[in-house]
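J.: A single structure is presented below for examination.
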C-alpha cells in the first residue's frame with residue numbers, strides 16, 4: 001500500500017569498477033534512475049572515471065558522425081548476396 005507520495009530519488013553507490021562496467025549503458029540511457037544518479041555522482045567526484053566516460057562519449061560521437069543511411073548500390077548488393085549463397089550462408 002502506498003501513501004501517495006513519490007519515493008525520493010536516491011543514488012545507488014557506484015565504484016570505479018561499476019562505471020567501467022556500466023559506461024555504455026549509462027551513455028545509452030539504459031540504466032534505471034537510481035543507478036544513473038549513482039554514476040553521475042561518482043563521475044562528478046572521480047577525475048579518472050570522468051575522463052574515461054568523456055572518452056567513450058567522444059568515441060560515440062565520432063562513430064555516429066560517420067553513420068549514413070545510404071543503401072548499397074544494387075550491383076554490390078547482388079555480388080554480396082551471390083557470394084553468401086555460394087558459401088552456403090544464405091538460402
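The values are calculated or read from the model by the stated rules, or taken from the named source; none is laboratory data. Remember, predicted model here, so these are calculated numbers, not experimental data. Please note: Cβ atoms are built from the backbone with ideal geometry, for glycine as well, and neighbour counts cover all protein chains shown.
J.: Does residue 29 satisfy being modelled with pLDDT of 90 or more, at negative phi and surrounded by fewer than 12 Cβ atoms within 10 Å (Cβ to Cβ)?
T.: For residue 29, the condition - modelled with pLDDT of 90 or more, at negative phi and surrounded by fewer than 12 Cβ atoms within 10 Å (Cβ to Cβ) - is not met.
J.: Among all residue pairs at least 6 apart or on different chains, which show Cβ distances below 9 Å where the first residue, located in the range 6-20, is closer than 17 Å to residue 47 by Cα and the second is at pLDDT below 90?
T.: Within 9 Å, the pairs are 18/12.
J.: Can you tell me which residue among 51, 11 is on the phi < 0 side of the Ramachandran plot and modelled with pLDDT under 95?
T.: Of 51, 11, the one residue that is on the phi < 0 side of the Ramachandran plot and modelled with pLDDT under 95 is 11.
J.: If I ask for residues that are surrounded by 14 or more Cβ atoms within 10 Å (Cβ to Cβ) and either assigned to a helix (DSSP H, G or I) or within 18 Å of the chain's Cα centre (by Cα) (or both), which ones from the range 41-51 would you list?
T.: If the condition is that a residue be surrounded by 14 or more Cβ atoms within 10 Å (Cβ to Cβ) and either assigned to a helix (DSSP H, G or I) or within 18 Å of the chain's Cα centre (by Cα) (or both), then 41, 42, 43, 49, 50 are the ones that fit.
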